[in-house]
Amino acid sequence: MGPLSLLCLPILVLLQRGILTEAQNTTAPGPKTTTQATGFIDLPASVDVLESTRPRSLVVEFRVQSADPRPTVEIVSLTPDSGAFEVPIVNPGNTTSTFGVQIMLKDWLDYETVHLHSVRLALVTAGGRVEQTFHVQVINVNEPPQCQPLIQLPGAEVRVPEGLPAPLRVYNVLAFDPDENDTLSFSITQVQPDTSKGQFTIDGMGGIITSQSFDYQNGPRVFVVSVLVTDSRGANCSGTVRIMVMRAFIPPLEFLIQSQNVSIFENRGPGNMVATVRANTTASDVYYTFVKSYPPYKIGRVDGIIRTVFNLDLESHRALEHSVLLVRAFTISEGRHGTATVTVSVLDVNEHAPFCDPSVFVLTVPETTEIGRSLGTVRCGDIDVSNQHVTLTLLENDASLYKFRLQDGQLQVNGTLDYDTAGVATGSFQYEATILVNDSGTPSLTTMIPILITVTPVNEFDPQFLGPFDILVPEDTRRGSVVGTVKAMDADWRFDALRYSIPGGDALFSIDPVGGQLYLKGSLDFEVKESYRLRVQAVDFDQDVDLTVQRTGAVEITISVQNVNDNPRCVTPSPTSPPSSPRRSARLPIISVSCTDVDRDALTATITNGGAVDRFQLNGFTLSSKEVFSYVPGAVYDHTMFEVTITVSDGKHTTDVVAYIYVIPWTTTVPTTTTTTTPKPPRVVTVVQEYWDPDLWFVVVMTLTGALLLLCLGLLIWKILIWTSVCAAPQPDNMSENMLKNNTYGEGLDKLANQDAAIQNYQSSLDGALSKENLQESLMRFDGKAEDPVSGRSYLFNSTTGERRWL
């Protein structure tokens, strides 16, 4: 393998790899993709939780399925919004696409406040989100009744004047059951002194009734009644009531303010001060109590300050809006008591923001959604007592400006929801807006409803090709080269999601389906065809939710071939009559060469082999001898075969024409007979040489490589000559080097070699073995020359006798 082959080998390997890669990219079917389901697997529709369940306890456990390695589960909404549950915990499951989810209890549950919690969950993955709702049913647990703290420790005291007619309600035991719709029963477990056990009874409302009148002088002055309060399930609380008998005819106590009207705001928490009552007396043992039970309020036994027992919420208990409290004051030392009235008005506070359904808009619509289409209706309200009116305002960002509108609570499309812009692509093809909901309270409270509208693509436009559509390609462009690039754009996003092709294929050109580069598969020839019309089409993909929806654009490309001076000359020899006698005059035409150049360049002809320059000359494209051939016996004999190399050039490319001239010696001393013979025309071989104009760097590399190769070859020959003796054998005459290198004329050169050998044998016989007489006698016997059609060898023949002599 020569240096040139070694240098070209990596290039051929790279070309083969490129061709194989292109073939694989264009023919190999794409892998099948499987879309994995995403969603909740075993989330129950409802779970039951006891109201006595402690915080941080497990509420529900289920699984989700997702191809995303890091999915998240969020609580989208909780109705009512009580914050009773913690953020869901996502743990890896048994398989790569399955995850376990746990939801824990964050705060105590109260069956009497909320029976049912509706939890809206969202599974958020890289591919989107899936939502599902489940319900938490609060199971009621019996809670014991709660007795008035006063009767528990140290016990309630009541002073009753003597002489009041029986039966007499002396005290009302205050108790309530936290359980909804539960009933309480009251009973007396013990009475002191024991002799008075049958004197007291208690009714279903907790009222302690005495069946006998009190006698301060003759009867007991102090009675202790133990009371037990029991609910329907046996839970209970207990306390004691100390009944002290007062002497009769004691004037009642008076209050500094006998009747008060006070207003307080709701939700100030338990222990909030409501009012203060004061008895108009100087006694140091004045005590205050309510005449009857008022569960929301309590009064200081010594200071007479009325406070709230629990947080007053009008939205939960509308009856708290107005209350009339009867306050009793009494003294032990004076045995007097009195009653005052306190009217309490609870004022509403704007503390609840409006609530809306839905709480968020998450929709997916096609980009061709018509203007005016309703995307849903917003229904909002406010649980505050005095703030029932709400207003809706639509807030849009820059991307969604004027895309939506609100009309009578309906969210409608107001503008084109375009999918095919870079701005929308940056926002993951999602338009975002917010509905601002304000109530009429002071200060006004606000609720925001997020709007997330995801737009899906619709393939609306055909691909459009961009110019230029005329491509100029030099005719010497190598096979596999890029001759040009076609470019198309699609108004649908993504703008470059196109595949290029040549419908029906093309024998001379191919196209890169991704980049649009046009490749040359064959060779161009300006002289054969100057231009080509090529139809190229572009088909879009991934431009629609339905992947089968595709659009096509096509264009005709004109490929013009640029003329390059690259054609070898077409040389056709036009022989004249060959010399049949050595006495042929000089300067007479021997052979003419007809040359044409499709590039229409000016041509010149020159004799290039050394020996023929002295013997022959060219007049234009006509070959003639400079002098007469000499075959006189006893003199210097000329050769009978001459090889003449004629080089034709257009200034850049050259073509060698090799002409073989055969001269038949002819001498005689007797008159010759006229014999009609058919002379054989001289054989002319045309060798076309390509002109090669390599780059400078390639010439330098080839020169250095050739020098190194010659040096190695010289060292090898030198070693061989040292080791062995070599006798140089005479080398046989060969054909012209140009003839041996030209594979096109191999068969013709073999025939010419045989003829040359015959002529040389004949020449040697003329020069040595034959005498003058024998030569004349031999030549006289043959009057013609011909070529064997089978073997191609030349021979002399006698037209009379038919005798032949091979040359």
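Some values worked out for this structure:
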| read-out | value |
| --- | --- |
| Which of Ala84, Thr53, Leu121, positive extreme of dipole for region 39-139 (C-beta unit charges) | Leu121 |
| Globularity ratio of region 205-300, using Cα Rg and 2.2 N^0.38 Å | 1.44 |
| Residue-span extension gain [Ser374 to Gln258] - 0.36 nm each, minus C-alpha spacing | 35.4 nm |
| Gain upon complete extension [Gln102, Thr189; 0.36 nm per residue less C-alpha separation] | 26.4 nm |
| Region 157-173 - phi-based ³J(HN,Hα) in whole Hz, Karplus 6.51/-1.76/1.60, Gly and Pro as x | 10, 9, 10, 10, x, 6, x, 6, x, 9, x, 9, 7, 9, 7, 10, 6 |
| Ranked by how many other beta carbons lie within 10 Å on average, peptides 136-148, 700-712 from highest | 136-148, 700-712 |
| Between region 316-358 and region 487-532, the alpha-carbon center distance in angstrom | 90 Å |
| Dipole magnitude of region 355-456, debye to nearest 20 (Cβ charges: Lys/Arg +1, Asp/Glu -1, about Cα centre) | 100 debye |
| Calculated from backbone phi, Karplus (6.51, -1.76, 1.60) coupling profile of region 53-61 in Hz, x at Gly/Pro | 5, 6, x, 6, 8, 6, 8, 8, 9 |
| Loop chymotrypsin sites (Phe, Trp or Tyr not before Pro), region 86-124 (other Cβ atoms within 10 Å of the site Cβ: 15 or fewer; DSSP) | Trp108 |
| Placed amide H near Val362: partners under 5 Å, 5+ positions off or other chain | Leu452 |
| For region 355-456, the spread of Cα positions along each principal axis, largest first, Å | 49, 23, 18 |
| Inter-site label distance for Leu716 and Arg479 at 7 Å from Cα along Cβ, in nm | 3.2 nm |
| Global form of region 146-347, assessed from the alpha-carbon gyration tensor, a/c cut-off 1.5 | oblate |
| Loop trypsin sites (Lys or Arg not before Pro), region 50-107 (other Cβ atoms within 10 Å of the site Cβ: 10 or fewer; DSSP) | Arg56 |
| Global geometry of region 464-562, whether rounded, prolate or oblate, following the gyration tensor of its Cα atoms and the 1.5 cut on a/c | prolate |
| Per-residue HN-Hα couplings for region 425-434 [Karplus 6.51, -1.76, 1.60; θ = phi - 60°; Hz; x = Gly/Pro] | 5, 4, x, 6, 6, 10, 9, 10, 8, 9 |
| Label-point separation in nm, Leu347 to Asp788, each point 7 Å along Cα→Cβ | 14.0 nm |
| Length released on extending from Gln132 to Ser386, taking residue separation times 0.36 nm less the Cα-Cα span | 88.0 nm |
| Sequence-distant residues sharing a close amide H with Val657 (under 5 Å, placed H) | Ile646, Thr647, Val648, Val687 |
| Amide H contacts under 5 Å for Ile591, placed H, 5+ residues apart | Thr576, Leu623 |
| Highest-first arrangement of 492-505, 288-301, where packing means the average Cβ count within 10 Å | 288-301, 492-505 |
| Lys/Arg +1, Asp/Glu -1 at C-beta; region 39-139 dipole; positive extreme among Ser97, Phe40, Gln65 | Ser97 |
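Values in this text are rule-based calculations from the coordinates and carry no lab data. Keep in mind it's a predicted model, so treat the numbers as computed, not measured. Note: ideal-geometry Cβ built from the backbone for every residue, glycine included; neighbour counts use all protein chains shown.
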